[in-house]
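Below you'll find the structure, written out as C-alpha cells, and then a few comments.
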Amino acid sequence: MPAVLGFEGSANKIGVGVVRDGKVLANPRRTYVTPPGTGFLPGDTARHHRAVILDLLQEALTEAGLTSEDIDCIAYTKGPGMGAPLVSVAVVARTVAQLWNKPLLGVNHCIGHIEMGRLITGATNPTVLYVSGGNTQVIAYSEHRYRIFGETIDIAVGNCLDRFARVLKISNDPSPGYNIEQMAKRGKKLVELPYTVKGMDVSFSGILSFIEDVAQRMLATGECTPEDLCFSLQETVFAMLVEITERAMAHCGSQEALIVGGVGCNVRLQEMMETMCQERGARLFATDERFCIDNGAMIAQAGWEMFQAGHRTPLSESGITQRYRTDEVEVTWRD
C-alpha cells in the first residue's frame with residue numbers, strides 16, 4: 001500500500017498532501033492573499049511559500065499519522081505555473097527525497113487536477129472542463145493522452161475573474177472568484193458583454209478590455225451596480241465554457257462531464273453545466289473547494305498513479321517548467 005507525499009505550489013496556494021491507495025490522509029494548504037486591487041507577484045509568492053512549506057510538511061505528516069519511513073515516494077508540481085513559486089517547492093521536494101532516500105516524481109499540474117477529480121467523484125471516462133487562474137481547457141482521454149479539444153486563446157477564465165476583481169477593487173480574501181460569486185447572487189441586470197467562441201476555443205481578453213473601458217463610467221452613471229457586473233460576467237463566460245464542453249461531449253459521445261480547477265467550485269458554473277448535462281442525458285461530476293482549488297493531495301494522487309505505473313524522475317531531470325501542456329504527458333496508468 002504505497003503512500004505518496006505531494007507538494008503543490010504553482011501559484012498563490014501552497015499545499016502538502018498525503019495519499020495512500022485512493023484515500024486522502026492529509027491535505028493542509030495555505031494561501032498568499034494580497035490587498036484589494038492587486039495581484040500576486042512571483043517573488044513575493046515564492047517567499048510566502050518558503051516561509052510556510054516546512055510547517056505544512058509537518059502538519060501533513062501529523063494529520064496522516066505517518067512518519068518519513070512510511071512515505072514511499074515524493075511528488076511535486078513540475079509545471080505549468082509561476083517560475084519562482086515552482087522552484088521554491090521543487091527545491092524542498094528534491095531535498096526531502098534525498099534526505100529520506102525516496103524516489104521523486106515531477107507531476108503535471110493539470111494532470112493532478114484531473115486525477116484528483118476522477119478519484120473523488122468516481123467518474124470513469126469523463127469529458128473534462130479544466131478551469132483555473134492559469135488554464136482553461138476542454139479535455140478528453142484517448143490512447144494514453146489527455147487530449148485538448150478546446151482552450152482559451154489568450155487568458156484563462158480565472159485570470160479574467162481575478163483581473164475583473166482588481167478593476168472593481170474586490171477583496172482577494174479568501175479569493176477574488178469567491179467574492180465575485182457572492183456578489184453575483186445579488187445582481188439583477190444582465191449587461192451585454194462580448195461573447196467570443198471560436199470553434200472549440202474561447203477568448204476572454206475582449207470581455208476584460210470592455211469592462212476595464214466602461215465599468216467605472218457605468219457605475220458612476222448608475223447604469224448598473226457592481227453586483228450586476230459580477231452577475232453579467234459570470235453568465236457570459238460560463239455560457240461560453242458550457243458551449244465548448246457540450247460540443248466536445250457530442251464529438252466524443254461522452255455521457256460524463258467533470259469540472260476541475262479552482263473556478264470549478266463556483267456553484268453557478270456547476271448549475272449551468274448540470275442543466276446542459278441533464279438535457280443530454282449525461283452526468284455531471286464536480287468537487288468542492290477542498291479538491292477543486294490547488295492542493296497537495298492532487299499532486300500526491302497523480303504521483304501515486306505514476307508511481308504504480310513505474311514512473312520515476314531522475315534528480316538530473318527534476319527541474320520545473322512554466323509551460324507544460326496537459327497533452328505532453330504519456331498516461332501509462334490508464335487503459
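The values are calculated or read from the model by the stated rules, or taken from the named source; none is laboratory data. For clarity, every value in this text was computed on a predicted model and none was experimentally measured. For neighbour counting, all protein chains shown are included, and Cβ atoms are generated from backbone atoms with ideal geometry for every residue, glycine included. For the accessible areas, the whole protein counts, side chains as well, though only heavy atoms, and no ligand, DNA or RNA atoms are used. Shrake-Rupley method; radii C 1.70, N 1.55, O 1.52, S 1.80 Å.
Output the residue which, of all residues in the range 267-293 that are farther than 13 Å from A257 by Cα and among the β-branched types (V, I, T), is nearest to the chain's Cα centre (by Cα).
I293
Taking only the range 97-116 into account, find how many residues are in contact with a helix residue (DSSP H, G or I) (Cβ under 7 Å, 6 or more places away or on another chain), assigned to a helix (DSSP H, G or I) and in contact (Cβ under 8 Å) with a residue 40 or more places away in the chain.
Matching residues across the range 97-116 total 6.
Just to be sure, is V237 open to solvent by 10 Å² or more (accessible area, probe 1.4 Å) and either more than 19 Å from the chain's Cα centre (by Cα) or modelled with pLDDT of 95 or more (or both)?
Here the answer is no, as V237 does not meet what is asked.
Hey, can you tell me all the residues within the range 142-174 that are open to solvent by 30 Å² or more (accessible area, probe 1.4 Å), not aliphatic (A, V, I, L, M) and not in a helix (DSSP H, G or I)?
Once the filter is applied, which keeps residues that are open to solvent by 30 Å² or more (accessible area, probe 1.4 Å), not aliphatic (A, V, I, L, M) and not in a helix (DSSP H, G or I), the range 142-174 yields S142, E143, H144, R145, R147, F149, E151, D154, K169, S171, D173, P174.
Does the range 36-55 hold any residues that are at pLDDT 95 or above and over 20 Å from the mean Cα position of the chain (by Cα), and which are they?
G43, D44, R47, R50, A51, V52, L54, D55
Conditions: (1) touching a helix residue (DSSP H, G or I) at 6+ places or on another chain (Cβ under 8 Å); (2) surrounded by fewer than 21 Cβ atoms within 10 Å (Cβ to Cβ); (3) under 22 Å from I293 (Cβ atoms). E63 meets all but one. Number of the miss?
Looking at each condition in turn, E63 falls short on (1).
Out of curiosity, is L229 open to solvent by less than 10 Å² (accessible area, probe 1.4 Å) and more than 17 Å from the chain's Cα centre (by Cα)?
Judged against the criteria, L229 is a match.
When you scan the range 52-70, do you find a residue that is in a helix (DSSP H, G or I), over 25 Å from G122 (Cβ atoms), out of contact with any strand residue (DSSP E or B) (no Cβ under 7 Å at 6 or more places or on another chain) and among the aliphatic types (A, V, I, L, M), even just one? Write out each step before concluding.
Within the range 52-70, the subset in a helix (DSSP H, G or I) is 52-64, 68-70.
Keeping just the survivors that are over 25 Å from G122 (Cβ atoms) gives 52-59, 61-62, 68-70.
From what's left, out of contact with any strand residue (DSSP E or B) (no Cβ under 7 Å at 6 or more places or on another chain): 54-55, 58-59, 61-62, 68-69.
After this cut, where a residue has to be among the aliphatic types (A, V, I, L, M) as well, the list is 54, 61.
Scanning the range 52-70, I find at least one residue that is in a helix (DSSP H, G or I), over 25 Å from G122 (Cβ atoms), out of contact with any strand residue (DSSP E or B) (no Cβ under 7 Å at 6 or more places or on another chain) and among the aliphatic types (A, V, I, L, M), so the answer is yes.
Residues of the range 90-119 being among the hydrophobic types (A, V, I, L, M, F, W, C) and over 17 Å from W333 (Cβ atoms), which ones?
A90, V91, V92, A93, V96, A97, L99, W100, L104
Assess whether A75 counts as being part of a strand (DSSP E or B) and within 21 Å of H311 (Cβ to Cβ).
Yes; evaluated as a whole, the condition is true for this residue.
Contact list please: Cβ distance under 7 Å, first residue in the range 20-39 and in the same structural domain as I74 (by the TED database) and within 14 Å of R290 (Cα to Cα), second residue of a type in the set (A, V, I, L, M) and at pLDDT below 95, pairs at least six apart or on different chains.
none
When you scan the range 275-291, do you find a residue that is farther than 25 Å from K185 by Cβ and in a helix (DSSP H, G or I), even just one?
Within the range 275-291 (the criterion being farther than 25 Å from K185 by Cβ and in a helix (DSSP H, G or I)), the answer is yes, since at least one residue qualifies.
I need a count of the residues in the range 175-199 that are open to solvent by less than 80 Å² (accessible area, probe 1.4 Å), in contact with an Asp or Glu (Cβ under 8 Å, 6 or more places away or on another chain) and of a type in the set (A, V, I, L, M, F, W, C).
4
Of everything in the range 10-45, what is surrounded by 21 or more Cβ atoms within 10 Å (Cβ to Cβ), touching a strand residue (DSSP E or B) at 6+ places or on another chain (Cβ under 9 Å), over 17 Å from E63 (Cα atoms) and not charged (D, E, K, R)? Give them in sequence order.
Within the range 10-45, S10, N12, Y32, T45 meet the criteria.
Taking into account only those residues within the range 316-335 that are of a type in the set (A, V, I, L, M) and in contact with a helix residue (DSSP H, G or I) (Cβ under 7 Å, 6 or more places away or on another chain), which is most open to solvent (accessible area, probe 1.4 Å)?
Among residues in the range 316-335 that are of a type in the set (A, V, I, L, M) and in contact with a helix residue (DSSP H, G or I) (Cβ under 7 Å, 6 or more places away or on another chain), the one most open to solvent (accessible area, probe 1.4 Å) is I320.
Does the range 259-268 contain any residue that is of a type in the set (V, I, T), at pLDDT 95 or above and assigned to a strand (DSSP E or B)?
Yes, the conditions are met somewhere in the range 259-268.
What do you reckon, is G262 open to solvent by 10 Å² or more (accessible area, probe 1.4 Å), touching a residue at least 60 places away in the same chain (Cβ under 8 Å) and not basic (K, R)?
yes
Testing L119 on (1) in the same structural domain as L56 (by the TED database); (2) under 20 Å from G310 (Cβ atoms), one condition comes back false. Which one is that?
(1)
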